[in-house]
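Shown next, in structure tokens, is the structure this report addresses.
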Amino acid sequence: MSAYMNNSKLLTLLLLFLAIASFAQELKSPNGQLVMNFTLQTDGTPTYQLTYKNKAVIKPSKLGLHLKNDMKSLLNDFTISGTQTDSHDSNWQPVWGEEKTIRNHYNELAVTLTQKVTNRQLVIRFRLFDAGLGFRYEFPAQPNLVYFVIKEERTQFAMAGNHTAFWIA
């Protein structure tokens, strides 16, 4: 009976590990020095964190949008319904500026989230460059989210130190 219980405990731990691992996604910059980790908390809240050379730059920070008009907000209750990765490396020439050619080199992770109660989908697309991280929210065409108003963006940036951040709207 004790061998059965040990195997049962081992199986339970293995399943727990696989469940936790399925909620975590890692993205590295092209040179590998920046690493972004995306996870879902136990309540389905999307979070991300960023390290540079294994040192925290952004501590775990929540992602989400509060919707207006009593609609269930896009803050939690999500599951990961898909992920897609891509890499891009090209050059472009600005019209003016100090640089003649600018390299556009990044690795990308698109995480598709499905909200359990509403069956709404949200895509969070991360792009990790050697010099920083960018991300955006995307709303695929879907019957459960045709028209909505964002009341408040709840994206967090829990900086680990006195870092410089740029906000481009």
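Worth a mention:
- Under-5 Å amide H pairs with LEU67, H placed in peptide plane, nonlocal only: SER73, LEU74, LYS151
- Counting only residues at least eight positions apart within a chain, or on another chain, the lysines with an alpha carbon under 16 Å from that of LYS151 are LYS68, LYS72.
- Over the stretch 30-117, relative contact order from alpha-carbon pairs under 8 Å, at least 6 apart, %: 23
- Aspartates and glutamates with Cα under 16 Å of LYS116, excluding same-chain neighbours fewer than 8 positions away: ASP43, ASP77
- Quick note on the stretch 52-94: its Rg to Rh ratio, both from C-alpha atoms and Rh being the Kirkwood radius, is 1.14.
- Entry for percent of Cα pairs over 24 Å apart (calculated from the structure that is shown) out of (1) 37; (2) 47; (3) 32: (2)
- Acute angle (nearest 10 degrees) that the helix 2-22 long axis makes with the longest principal axis of the chain, alpha-carbon atoms: 20
- Value of relative contact order over the chain, rounded to a whole percent, pairs C-alpha under 8 Å and six or more apart: 21
- 3J(HN,Hα) along the stretch 42-53: 4, 8, x, 7, x, 9, 9, 8, 9, 10, 10, 6 Hz, from the Karplus curve 6.51 cos²θ - 1.76 cosθ + 1.60 with θ = phi - 60°, whole Hz, x for Gly and Pro.
- Counted by Cβ distance under 10 Å from ARG125, the other residues give a net charge of -1, where Lys and Arg count +1 and Asp and Glu count -1.
- Shape category assigned to the stretch 78-169 from the gyration tensor of Cα positions, a/c cut at 1.5: prolate
- ³J(HN,Hα), Karplus 6.51/-1.76/1.60, whole Hz, each residue of the stretch 116-131, x for Gly, Pro: 4, 5, 9, 6, 7, 10, 9, 10, 10, 9, 9, 10, 10, 9, 5, 9
FYI, it's all coordinate maths here, none of it is from the lab. Just so it is clear, the structure is predicted and the values come from calculations on it, not from any experiment. When we count neighbours, we look across all protein chains shown, and the Cβ atoms used for this are built from the backbone with ideal geometry, even at glycine.
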